[in-house]
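The values are calculated or read from the model by the stated rules, or taken from the named source; none is laboratory data. None of the values given here were measured: they were computed from a predicted structure. Every residue, glycine among them, receives a Cβ derived from its backbone with ideal geometry; neighbour counts consider all protein chains shown.
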Amino acid sequence: MKIEKLMALYGENGALLEELYNQYKLNPETLDKEWKSFFQEVDTNGLANGSGYTNGNGKSAVATSFTDAQAASIREMGIINLLNAYRRQGHLAAKLDPLGIQKPNRTFIDSKLHNISPADIDTVVDSETLGRVKLAEIVDLYEKVYCNTIGAEHFYLVNDEEREWLQKKMESPEFLAPLPRGIKLRLFEKLFQADYFETFLAKKYVGKKRFSLEGGESFIPLLDTIVEEAGYHQMDGLVIGMAHRGRLNVLVNIIEKPASLIFAEFEEKRTKIT
């Protein structure tokens, strides 16, 4: 059973697991196929093979074996909870301070919090994007995706398909592949243009209301990439709706409105548009 299954369940739900198992024994068809498959594995592996057999210490073999199966399932749920913690809150542990003065809070991705022992980190699990790999490899990938110098936050999306699509894209090895040199240069060029434009306006037109993009200059290379991709996919047009902040920067560096017209408006000059 893939590690992405049982996403909504938590390790403390052992009682629920036992209730579902009892339901499975009464009528397997009333359970979802994931649970049915799981309990079939339990029976196939001999973990529940008759209520009259005892294991020598007075306890039913079924009860003892099921406790083992329950513990294994709880461990699996702990793994799921850990991975979901990265998805939900990993961006809070992102390395956003280049000086390293502020230490991000990483308590929510502490393996002990999710009842995962050091031995469990070498557990082989099924991952939708990596296949069968050790948990350590998935954690390493999630550290790079969610807790690096860019933190990805997407769990606020209410549409399951949108959220899962983003997860699959971000958690694939291709997401972390190095960018070609040409793309890096283009990103740097647009970032420089955005920064230089804001710096010039701040010095030239002191005190003028301009709704600066300072601190968010990366929005320009992002928007430029979206426009380029739209053209690549032969889209007929784009409609850009945005708040005031950064609008002038977008007009000049994305829409390519002549900067001279922007300057003329600051200087309250009438400029004939040709």
Scanning the stretch 130-153 for residues that are in contact with a helix residue (DSSP H, G or I) (Cβ under 6 Å, 6 or more places away or on another chain) and buried (at least 17 other Cβ atoms within 10 Å of the Cβ) gives Leu135, Tyr142, Val145, Tyr146, Cys147, Gly151, Ala152
From Arg210, Arg163, Arg186, Arg181, which residue is of a type outside the set (Gly, Ala, Ser) and more than 25 Å from Tyr146 (Cα to Cα)?
-> Arg210
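Restricted to the stretch 101-146, and to residues that are in a helix (DSSP H, G or I) and more than 20 Å from Glu171 (Cα to Cα), which residue is modelled with the highest pLDDT?
So the first thing to find is which residues in the stretch 101-146 are in a helix (DSSP H, G or I), and the list is 107-109, 111-114, 118-122, 135-146.
Subset that is more than 20 Å from Glu171 (Cα to Cα): 107, 112-114, 118-120.
Values: Thr107: 85, Lys112: 78, Leu113: 78, His114: 79, Pro118: 82, Ala119: 81, Asp120: 82.
Once the filter is applied, the top-ranked residue is Thr107.
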Would you mind telling me which numbered condition in (1) in a helix (DSSP H, G or I); (2) surrounded by fewer than 15 Cβ atoms within 10 Å (Cβ to Cβ) Val252 fails?
-> (2)
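Every residue, every condition in (1) part of a loop (DSSP other than H, G, I, E, B); (2) in contact with an Asp or Glu (Cβ under 7 Å, 6 or more places away or on another chain), yes or no:
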{"residue": "Phe192", "(1), (2)": "no, no"}
{"residue": "Asp195", "(1), (2)": "no, yes"}
{"residue": "Glu198", "(1), (2)": "no, yes"}
{"residue": "Gly215", "(1), (2)": "yes, no"}
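Confirm whether Leu16 is hydrophobic (A, V, I, L, M, F, W, C) and either modelled with pLDDT under 65 or over 23 Å from the mean Cα position of the chain (by Cα) (or both). First the steps, then the outcome.
Numbers: hydrophobic (A, V, I, L, M, F, W, C): yes; either modelled with pLDDT under 65 or over 23 Å from the mean Cα position of the chain (by Cα) (or both): yes.
Spelling it out, Leu16 is indeed hydrophobic (A, V, I, L, M, F, W, C) and either modelled with pLDDT under 65 or over 23 Å from the mean Cα position of the chain (by Cα) (or both).
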How many residues, within the stretch 256-274, are surrounded by fewer than 13 Cβ atoms within 10 Å (Cβ to Cβ) and closer than 22 Å to Glu189 by Cα?
-> 2
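Is it the case that some residue within the stretch 233-252 is polar (S, T, N, Q) and touching a residue at least 60 places away in the same chain (Cβ under 8 Å)? If you could, list the steps in order and put the result at the bottom.
First, pick out the residues of the stretch 233-252 that are polar (S, T, N, Q): 234, 249.
Next cut, touching a residue at least 60 places away in the same chain (Cβ under 8 Å) only: none.
Among the residues of the stretch 233-252, not one is polar (S, T, N, Q) and touching a residue at least 60 places away in the same chain (Cβ under 8 Å), which makes the answer no.
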The condition from (1) under 32 Å from the mean Cα position of the chain (by Cα); (2) exposed (fewer than 11 other Cβ atoms within 10 Å of the Cβ) that Val206 misses is numbered (1)
Determine which single condition Thr54 fails, assuming it passes every other condition in (1) of a type in the set (Val, Ile, Thr); (2) outside the structural domain of Asn148 (by the TED database); (3) modelled with pLDDT of 55 or more.
-> (3)
Is there a residue in the stretch 203-212 that is of a type in the set (A, V, I, L, M) and in a helix (DSSP H, G or I)?
-> no
By residue number, the members of the stretch 191-203 that are surrounded by 13 or more Cβ atoms within 10 Å (Cβ to Cβ) and not polar (S, T, N, Q) are Leu191, Phe192, Ala194, Asp195, Phe197, Glu198, Leu201, Ala202
